[in-house]
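Chemist: Sharing a structure below in structure tokens format, with a few things to ask.
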Amino acid sequence: MEVRARAPGKIILAGEHAVVHGSTAVAAAIDLYTYVTVRFPSDSGNDDMLKLLLKDMALEFSWPIHRIKEVLPNFSNPNPLEPISCSPESVTLVASLVEEQNIPEAKIALASGLSAFLWLYTAIQGYKPATVIVTSELPLGSGLGSSAAYCVSIAGALLSLSRCVSLDCSHQGWFIFGESELELVNKWAFQGEKIIHGKPSGIDNTVSTYGNMIKFKSGDLTCIKSNMPLKMLITNTRVGRNTKALVAGVSERTVRHPDAMKAVFSAVDSISKEMATIIQSPATDDISITAKEEKLEELMEMNQGLLQCMGVSHVSIETILRTTLKYKLYSKLTGAGGGGCVLTLLPALLSGTVVDQVIAELDLCGFQCLIAGIGGRGIEICFSSSS
Ligand SMILES: Nc1ncnc2c1ncn2[C@@H]1O[C@H](COP(=O)(O)OP(=O)(O)O)[C@@H](O)[C@H]1O
Ligand SMILES: C[C@@](O)(CCOP(=O)(O)O)CC(=O)O
Ligand SMILES: [Mg+2]
């Protein structure tokens, strides 16, 4: 028996960073997924090892089960139905197991992802040998929530194999968990995100778990039903960055300038709420859709200005803003910034020729453009007998 889980990446339409400090944010799932397959030994022939295969990077990591027991003796009796919190001590211990692996210097950012995997695996499955295979359609460290999609798909696959969660294994094809399992997946994935992000708001794992478009504030989500065609161009600056460092940088700025930053976060809160209202408000004809799009563009521009105040923009992001503005198109960074991806609203009546022109110009600058479907499904799983 093996299980495959897939969880989507996301875009944040408004409110990144400020959401960590209690403001409202709006996010949507995108149709790019991370896939995690878990296979127990009877299928793989691997008796006493926990193996992690990162197939896209052709990397393989493995830990003898006895070594995991030695370093993490307190994970002996996991209860998947009661997510525990990842204490700093347990994260340090897990990191010491990761240090025993040979991670190529250029891929050192994977270390936190390996820690999150080991922590989630032992906390949910204990000391069971297994082979876990990960592939992803998402660029890593680019603001599209690869860390959350990775944690959600790992948590989902592991929980679906746990005896505490009863699922119909004979089900054919992809299927969605029930409400209580989704809540469990989300809680476990949040612990993984803590290991990768340091201080996550929880918006990324929540939208990756539940899918759709959501409004999120202090751990609470509200589903948003869009009443307009919402098309976004996603441009990857290809400038690598690390969410944990950027989130910490905003917190440091908040300590230095508490009153100013409070005002910034409050303005972002208003922007996100207004954006959610506009997206949901009825629009029956082209004129009302265009009017709504113009308001959204202005809100995106304002949110981008506030992200600059938080210190998370980047020259590559500014280049994209200027380039798209030449075509009267409005953009903002999405995710943690500092590089990563930028969103550009593509109005419903915009001609395909203009879209092609702007993409060609962004391509020439060395950026990578994609148009993803937004607001789709969250985590799904699929059982198969073996492979
Ligand atoms: N498919 C994956 N395989 C292994 N690690 C992953 C994968 N996806 C994400 N990660 C982990 O998450 C990190 C990127 O997370 P983060 O900096 O939050 O950026 P983002 O979530 O925007 O992609 C990677 O450096 C890695 O540690
Ligand atoms: C900056 C932040 O708001 C979003 C980070 O998203 P990403 O990891 O850059 O995809 C952090 C968070 O909400 O946890
Ligand atoms: Mg992330």
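The values are calculated or read from the model by the stated rules, or taken from the named source; none is laboratory data. This structure is a prediction, so every number in the text was calculated from the model and none was measured. Cβ: placed from backbone, ideal geometry, glycine included. Neighbour counts: every protein chain shown. For accessibility, only protein heavy atoms count, side chains too; no ligands or nucleic acids. Shrake-Rupley method; radii C 1.70, N 1.55, O 1.52, S 1.80 Å.
Chemist: Can you pull out every residue in the range 151-193 that is at pLDDT 90 or above, within 16 Å of residue 1 (Cα to Cα) and part of a loop (DSSP other than H, G, I, E, B)?
Modeler: Correct list: 161, 174.
Chemist: Give the residue that is nearest to ligand 3 (Cβ to nearest atom), with candidates limited to residues of the range 103-133 that are farther than 19 Å from residue 48 by Cβ and hydroxyl-bearing (Ser, Thr, Tyr).
Modeler: Going through the qualifying residues, I end up with 112.
Chemist: Residue 139 versus (1) open to solvent by 30 Å² or more (accessible area, probe 1.4 Å); (2) under 18 Å from residue 189 (Cβ atoms); (3) within 16 Å of ligand 3 (Cβ to nearest atom): which is the lone unmet condition?
Modeler: Checking residue 139 against (1) open to solvent by 30 Å² or more (accessible area, probe 1.4 Å); (2) under 18 Å from residue 189 (Cβ atoms); (3) within 16 Å of ligand 3 (Cβ to nearest atom), the one that fails is (2).
Chemist: Search the range 157-185 for residues being among the β-branched types (Val, Ile, Thr) and in contact with a Gly (Cβ under 9 Å, 6 or more places away or on another chain), and hand back the single one that is least open to solvent (accessible area, probe 1.4 Å).
Modeler: So, considering only residues that are among the β-branched types (Val, Ile, Thr) and in contact with a Gly (Cβ under 9 Å, 6 or more places away or on another chain), the one least open to solvent (accessible area, probe 1.4 Å) is 185.
Chemist: Condition first: away from ligand 3 (no atom under 15 Å from the Cβ) and either within 15 Å of the chain's Cα centre (by Cα) or assigned to a helix (DSSP H, G or I) (or both). Now tell me which residues in the range 34-56 satisfy that.
Modeler: Hits for the range 34-56 are 35, 36, 41, 42, 43, 44, 55, 56.
Yes/no per residue for (1) at pLDDT 95 or above; (2) closer than 19 Å to residue 309 by Cβ; (3) surrounded by fewer than 18 Cβ atoms within 10 Å (Cβ to Cβ); (4) within 16 Å of ligand 3 (Cβ to nearest atom):
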site: 323; (1), (2), (3), (4): yes, no, no, no
site: 334; (1), (2), (3), (4): yes, yes, no, yes
site: 338; (1), (2), (3), (4): yes, yes, no, yes
site: 345; (1), (2), (3), (4): yes, no, no, no
site: 353; (1), (2), (3), (4): yes, no, yes, no
site: 357; (1), (2), (3), (4): yes, no, yes, no
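Chemist: Hey, any hits in the range 5-27 for a residue that's basic (Lys, Arg) and within 12 Å of ligand 2 (Cβ to nearest atom)?
Modeler: Yes, there is a match, as at least one residue in the range 5-27 is basic (Lys, Arg) and within 12 Å of ligand 2 (Cβ to nearest atom).
Chemist: Which condition does residue 34 not pass, out of (1) at pLDDT 95 or above; (2) closer than 26 Å to residue 90 by Cα; (3) surrounded by fewer than 22 Cβ atoms within 10 Å (Cβ to Cβ); (4) touching a strand residue (DSSP E or B) at 6+ places or on another chain (Cβ under 8 Å), if it passes all the others?
Modeler: Result: residue 34 fails condition (3) only.
Chemist: Among 154, 124, 133, 108, which is the only one that is of a type in the set (Val, Ile, Thr), on the phi < 0 side of the Ramachandran plot and surrounded by fewer than 17 Cβ atoms within 10 Å (Cβ to Cβ)?
Modeler: None of the other options fit; the residue is 108.
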